[in-house]
Amino acid sequence: MSLLNRNIEQKNDLESNRVNIGEDDELTLQGYEPSFVRSLGLFILYILSCGIFVILTSWRPGMKIRIANRQCSLEHAKLLIVRDKHGNEFIEKVHSSQRDQSFCFKYFHHKKLKYVWKNEYKHFEKLKGLESQRCSVIYSQAEGATWSEAELKLDLYGQNSIEIEVLPIWKLVLDEVTGPFYLYQFFICSIWLLQLYYQFATCILLLSILSVATHVWQTRKQSIALRRQVQSTSTVSVVRDNRLVKISSIELVPGDVLVLPKHSQMNFECDAVLLTGSCIVDESMLTGESVPVPKIALVENVNSIYSPSIHKSNTLFSGTRLLNVHSRKDEDEVKAVVVRTGFSTAKGELARSILFPIQANNNLKKQLIKMSAIFFVIGLPCMGYTAYALKRFSYTTAEVLLIVIDVGTFLIPPVLPAVLTSINVHGQRRLKTKGIYCLNPRMITCSGEVDVMCFDKTGTLTEDTIDFAGIIPWKNHDNDDEHSFDSSPITDLEKLNDDLIVKSMAACHSLVQYEGNFEGDDLDIKLFTATGWRFADLQQDHINWNEFDKSPERIVTNGVSTIAIVKQFPFESFLQRMLVIGKDLTVGRYLAIIKGAPEIVASFYTKLKSLVVKYSYVKFPNYALPANDSNANFEMAENIPFNYHLAIDGDSFNAIRNDDQQLLNWIVAKGAIFARMSPDQKLNLINLLQKQGHSVGMCGDGANDCGALRAADAGISLSLAEASVASPFTYKKKDISCVPLLLKEGRCTLVATFGAFKYQVCYCFILLGAVLILFWYGTKPAEGTYVFVDIILNLLPPMLFGTTKPYHKLVRRKPIRNILSIVPQISMFSFILLQVAIYVFVTYSLVGKPWYEPMADNSTYIMDPPVNHLSYAIFSANMMSYVVSAIIFAPGPPYREQFFANKKYISVVTLNFLLIGMATMVAPQFLLDFLKFQPMPFDFRLQIFLISIGNFVFFFLWEKLFLEQILGQIIKRIKKKMNMKSSKPYKSILEEIDCQNWPFNDIIAPSSSSFHTNGNMKRRSSKSSDSLPLNLMNRFINEEML
């Protein structure tokens, strides 16, 4: 029993250390308190490590907290290590606030949100406003707060402001230069300066300074721009102690009652719920849509829970602009209750999403880190070889040690980050010319990895609305079970002026009239305009207000009939319908008018049971009812291809997600249509696809799909509003033509990145191979040789890798997305090994020549190499290897244009070839003196040149024909023959689907129909034009469905 209690206590402790459980921002907390002994030990460790441990703990601050502090319970903690779902750790301080003995609390901030200690539950909890409260609770705040209550709430919630911190330049520079790469650059530049190789060291320092300055400038520019966009204050009217007072918007707290001005516009600085009246707001800052949006008062429903996402039509969001306020005759003031302030508001959430974006696809970064580790492992034996080779000569230990350390500077290309940045910048510029804006150039490479593209439908694949074409009347006969439709639509609605359908079109909407124009949903405007009705004028139409107990929302008339809307329930996406209650003043009766999704309307109107529409489709067990068409014929011949799409709606998606994870994975893997998905469901779908191993792109309008756009590996927002800043890419036009443009550019950038990486790696290691051969003979390349190789030959080509434009066609074949895969590895290491083998061959050929002059053992040669034959022979072959690599590693179709299409790159490569040809074949004395090459006979130089030409021919065929065309197919056949499973989860899921013959084995045909399969049915992909409708929820499959 005690063991059971202990397990329960441990589980409770674990739960108390987690906050936001089940949410996307779920956090795990670890508490720590100061320890003098541990802090002293860390200080001693800093000293003994000569500051190295200071750098390590700056990269991993969690390590510093764990070493210098003692772990404790959250109740006594002064510091917290906060870990998110992605494994990222943050350090947060626990603060205390106490106004008096009756009001004190502990809290910490994380990503601009406040978490408060709940003493009764012994855990921290996110501080919320009035969201998730019952609507009746919100209405109970209608009298406003007192000054004392407001002061306490202000202390608890903080000021209603969105403060964007702009870090000082020195801190941004310090954060940047203490990164691993810049420390490595500092290390290699120090080694080169000790060897007086200042030319290339200066180039690297200048490139690093330029890179740091650019990054700091962009960071500050974005921070300042964001602060200007989101930071604002205004003077507002609130009710305090039952009196109307004016205060600054930064003093607003949840529960304050705002009184909205009727004849002036204002910017909203908080999220508030409308209690009385109605208004029109501009939400373009949040949604990207410049259409004015009407807002109406919240319905006081005891059982309803208020949610900003559900009650959008009743919520005035921070960041929106109030255009017009309307109150009914019996209402003196239009009031709204503040529900959220600061970073908890809609504008605050937007700012947080920009400041703390969802962890982007960093596959390339991880691959480069792994490759760097591999290169360091390769470098260890090279360092050992260098020490052994040089110790055979009369060099001092210090000189040998310096050269050994210098070998470490060959292992990672020093200009690689600058090269990768230039490739991304070139891609960013090309996208900008096509109207696609990219905030983070590194995301362009991620878009090249996309293998699944998701599209939002409404406003993205389709227009936001539809046009009114006409009405087809439905005629009832004497028998209620009999009915018919007229075949031709009626476009002139004057013929149906008193028909209920026309009255419904005129009355069932949420339109408002503002400055003579109708504002609201575009389709509602078109339907209302088609009826010929208008908003009534109280004096002109002689409206008698005594007929109403309460002022109506609006009154519409056509001059003959008049309808007053006494209550309206606006359209909500989760309800899929809207409802109005109106009074027909002409006949003196009330009307309840509803419009929405067919199945929802059918559930309200029992008469529709007589209207039966036959439908034929199949279903899954336990998730749907049989089809009702007794004439449905599902009989199919054997071996006939069966074409289908999988479709599912949001409610079904949630039901299966909670009930059957395997079925959900199968549906996600094969699904083509995901209908009526909420913003959270869209985000869940993106996450599921990513967990299955896909790189996912998302294209949406930037309104209710911002979460999915940010979570996707390449999110494209068809909006230039501020909300689109939360997605990596934005597009000027409201169409999806940007998708192939971005994918082509992404693939172009991705293959250019891999090509540049291979070029840089091969440049470093073939140079290292040439240098190691010279070490064996007791010398090294001269300073002039290093300058010629590092700066003249190898600085410009990789910097121009990104100037080649993408291929004009988007092909089905996907580029290699992993530099660690077998093909790129074979490409790099085969090239390096064969080049070094050529240098060894040239060396042995040279030393056997009678005219060869070997070098004597001289202690000065290691720092000041003499003129010699060996350097000339080896570097004649070595320098030509750079031209070969510049050609074979420059990718072309089907992802980039032809090699000769890039005139800049061709010019630089040609110039390098001519320089190398001049050094090898012409051998002018001034160039030989600069490189410290001793002249050699022409026939030997010609032999080296011909070997280099043969080297180019072989590797061009090896790279372009065998590795790119043949090897991949061979590997696929070997994997298939050996039944090797893919590391991608979605491929395993597809194999399970094929083995289970899903969905065909699970299909249940209608009892009155026959559906035969023999297991030999061929499956085609969802790109087929034919489709098999599929629905998985009972409420969408019933005889009332229209």
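The values are calculated or read from the model by the stated rules, or taken from the named source; none is laboratory data. Keep in mind it's a predicted model, so treat the numbers as computed, not measured. A quick note on method: Cβ atoms are made from the backbone with ideal geometry, for glycine too, and the neighbour counts reach across all protein chains shown. SASA here: full protein model, heavy atoms, side chains in, ligands and nucleic acids out. Shrake-Rupley method; radii C 1.70, N 1.55, O 1.52, S 1.80 Å.
Brief remarks follow.
- Spacing of the two label points (7 Å from each Cα toward its C-beta) at LYS733 and SER603, in nm: 4.1 nm
- Computed from the C-beta positions of PHE376 and MET863, the FRET efficiency with R₀ = 30 Å rounds to 0.70.
- In the context of the full set of protein chains, residues of the stretch 48-93 present 60 Å² of accessible surface per residue (probe radius 1.4 Å, heavy atoms only).
- ALA655/LEU820 FRET efficiency (R0 45 Å; Cβ-Cβ; nearest 0.05): 0.65
- Length added when fully stretched, LYS365-ILE466, from 0.36 nm per residue minus Cα-Cα: 31.8 nm
- Taking all protein chains into account, the per residue accessible area for the stretch 653-785 stands at 27 Å² (1.4 Å probe).
- Protein-only accessible surface order, largest first, of GLU572, GLU783 at 1.4 Å: GLU783, GLU572
- Convex hull of Cα atoms in the stretch 907-1008, direction-averaged projection (nm²): 13.8 nm²
- Per-residue accessible area (protein heavy atoms, 1.4 Å probe) orders PHE468, PHE375 as PHE468, PHE375, starting from the largest.
- Expected-Rg normalisation [2.2 N^0.38 Å, Cα atoms] applied to the stretch 88-164: 1.26
- Those chymotrypsin sites (Phe, Trp or Tyr not before Pro) in the stretch 67-130 that DSSP places in a loop and that have at most 13 other beta carbons within 10 Å: TYR121
- A DSSP coil position with no more than 15 other Cβ atoms inside 10 Å describes the following GluC sites (Glu not before Pro) in the stretch 151-205: GLU163, GLU165.
- Two-site FRET efficiency, THR233 against ASP175, from Cβ-Cβ distance with R₀ of 25 Å, rounded to 0.05: 0.25
- Unsatisfied cross-links (Cα-Cα over 24 Å) in the set LYS780/LYS849; LYS758/LYS849; LYS365/LYS734; LYS85/LYS112: LYS758/LYS849; LYS365/LYS734
- Accessible surface area normalised per residue over the stretch 301-408 is 45 Å², counting heavy atoms of protein chains with a 1.4 Å rolling probe.
- Entries in LYS670/LYS984; LYS457/LYS809; LYS370/LYS977; LYS262/LYS457 that, when Cα-Cα distance is taken, lie over 27 Å: LYS370/LYS977; LYS262/LYS457
- Rolling a 1.4 Å probe over the protein heavy atoms leaves LYS221 with an accessible area of roughly 110 Å².
- Ranked packing of 336-344, 308-316, 820-828, 735-743, most packed first, by mean Cβ within 10 Å: 336-344, 308-316, 735-743, 820-828
- Sulfur and carbon atoms: percent of accessible area, the stretch 325-435 [1.4 Å]: 63 percent
- Of the solvent-accessible surface of the stretch 55-111, computed with a 1.4 Å probe over protein heavy atoms with every protein chain present, carbon and sulfur atoms account for 49 percent.
- Here the accessible area is traced with a 1.4 Å probe on the protein chains. For the stretch 706-852, carbon and sulfur cover 66 percent of it.
- Straight-distance crosslink candidates among lysines, where the alpha carbon sits under 19 Å from LYS64 and sequence neighbours closer than 8 are dropped: LYS78, LYS93
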